[in-house]
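Below is one structure, written out as structure tokens; comments come after it.
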Amino acid sequence: MKGFAMLGIGKIGWIDKDAPKPGPLDAIVRPLAIAPCTSDVHTVWEGAIGERTDMILGHEAVGEVVEVGALVKDFKPGDKVIVPAITPDWNSVEAQAGYSMHSGGMLAGWKFSNFKDGVFAEFFHVNDADGNLALIPEGIEPAEASMLSDMVPTGLHGVELADVQFGDTVAVIGIGPVGLMAVAGAALRGASHIYAVGSRKVCVDAAIKYGATDIVNYREGDLVEQILDKTHGKGVDKVIIAGGNVDALGQAVRLVKPGGRIGNVNYYGSGESLCIPRVEWGCGMAHKIIAGGLMPGGRLRMEKLATLVTTGRLDLRPLITHRFNGFDHIEEALMLMKDKPRDLIKPVVIM
Ligand code: NDP
Ligand code: ZN
């Protein structure tokens, strides 16, 4: 089969591989819609997770089941499914401890385009099919449904990590597709003010649609100063980091009030360490909590998040700015994600 792969750090291209076979609990899926992710960009061009050779890229997909293992109970060939970017081993001790995304080791629930071939292929392998697949509900088209695989669960996890409560003031650093879902999630959780940090007009317009009350353009001055000005020097109750550069964590510490929480879903692709400003962190005593996490995957999560779409609480259409038809356009879509033209939020390739 054909797949679009990371050949090595900084190198991409088409390769041929044998089609995968299912183990007893697994499924083989043919993609219906796939999306490249900023994480693919960190992985390939920053070498963020180290060297990978001839590894098929991609972890965001919906597809059609073509084969299942003998012990799979709930899915059969022909089913149209959402495939989460993170596919934990549900019988692992880490999953039993409540951190399924680290099943088998730190970040090891993230298998596609990390520890095994990803979804940019004619066929791909899904471990623990009953635990990880979810049927695409009626009324959600494949391109939209592909946003449920990573953008929705990651943005909403930022909200969970920051523990946004009714009436909280919230800053969201970065309003690409992940940050936009964090804005939407903070609004769903009852935030009062949402300060959305970004510069591209298309993202700013979407952020307002999703519930941002204030826009902060980080290119027009220090984002911390701008938000402190808007909050009369008080800062915010919660910060969600969904973009920005290596300074984002320090900015969040400066922004959040004592007792506040920072939820980080940003993937820091380079640099040895991240800095915490000593004084603004209360010399270690400010009760400013930092929580950073990989999105939770799995079937229940996908089924629940899909209901936000079917009930009309979350509209995913504004996220998709570029649609391509046909597998051959994967490279073009990935390069858009790398180059981030100003009219881009998220590209999707539909088969
Ligand atoms: P995008 O690149 O599309 O968006 C990044 C955002 O950050 C944009 O709004 C951009 O603004 C803004 N930004 C860029 N530079 C700065 C800066 N110096 N200061 C403040 N803001 C800045 O990213 P995605 O939404 O696709 O992904 C966000 C992050 O989430 C990535 O690191 C990705 O790898 C990670 N991720 C993490 C996952 C997880 O499970 N934890 C899963 C999926 C993704 P502008 O408008 O100027 O472009
Ligand atoms: Zn992703």
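Throughout, read-outs are computed from the coordinates displayed, never taken from laboratory work. Only a predicted model underlies this, so the values are computations on that prediction, with no experimental measurement involved. Backbone-built Cβ (ideal geometry, glycine too); neighbour counts: all protein chains shown.
Assuming charge only on the beta carbon of Lys and Arg (+1) and of Asp and Glu (-1), the dipole of segment 57-126 about its Cα centre is about 100 debye to the nearest 20.
Hydrodynamic analysis of the chain uses the Kirkwood radius over alpha carbon pairs. Inserted into Stokes-Einstein at 20 °C and 1.002 mPa s, it gives a translational diffusion coefficient of 105 µm²/s. When DSSP beta bridges are restricted to pairs lying wholly in the chain, around 50% turn out antiparallel. Anyone know which of M295, M55, M335 comes out most mobile in the 10 Å Cα GNM of the chain? Result for the chain, Cα springs under 10 Å: M335 fluctuates most.
For G118, the residues whose amide H sits under 5 Å from its own are I56, L57, S113, ignoring neighbours fewer than 5 places away on the same chain, with H placed 1.01 Å from N. Positive contributions from Lys and Arg (+1) and negative ones from Asp and Glu (-1), summed over other residues with Cβ under 10 Å from the Cβ of D40, come out at 0. Each of E141 and D54 was given a label point 7 Å from its Cα along the Cα-to-Cβ line. The distance between the two points is 3.8 nm.
Normalised size of segment 155-292, defined as Cα radius of gyration per 2.2 N^0.38 Å with N residues, equals 0.93. Placing unit charges on the Cβ atoms only, positive for Lys and Arg and negative for Asp and Glu, gives segment 220-351 a dipole magnitude near 660 debye about its Cα centre.
Listing I28, I9 from fewest to most neighbouring C-beta atoms within 10 Å gives I9, I28.
Relative contact order for the chain: 18 percent, from Cα pairs under 8 Å spaced at least 6 residues apart, divided by residue count. Using Cβ point charges alone (K and R +1, D and E -1), the dipole size of segment 155-292 about the Cα centre works out to roughly 140 debye. So what is the calculated 222 nm ellipticity per residue for the chain, using -39500 (n - 2.57) for each DSSP H run with n of 4 or more, over all residues, to the nearest 500 deg cm²/dmol? The helix-only estimate for the chain comes to -7500 deg cm²/dmol at 222 nm. For the chain, the residue among V170, A19, V65 whose Cα projects farthest onto the positive side of the dipole built from Cβ charges is V170.
Each residue of segment 77-85 in turn: what ³J(HN,Hα) in whole Hz from Karplus with 6.51, -1.76, 1.60 and θ = phi - 60°, glycine and Pro shown as x? Values per residue, Gly and Pro as x: x, x, 5, 9, 10, 8, 10, x, 4 Hz.
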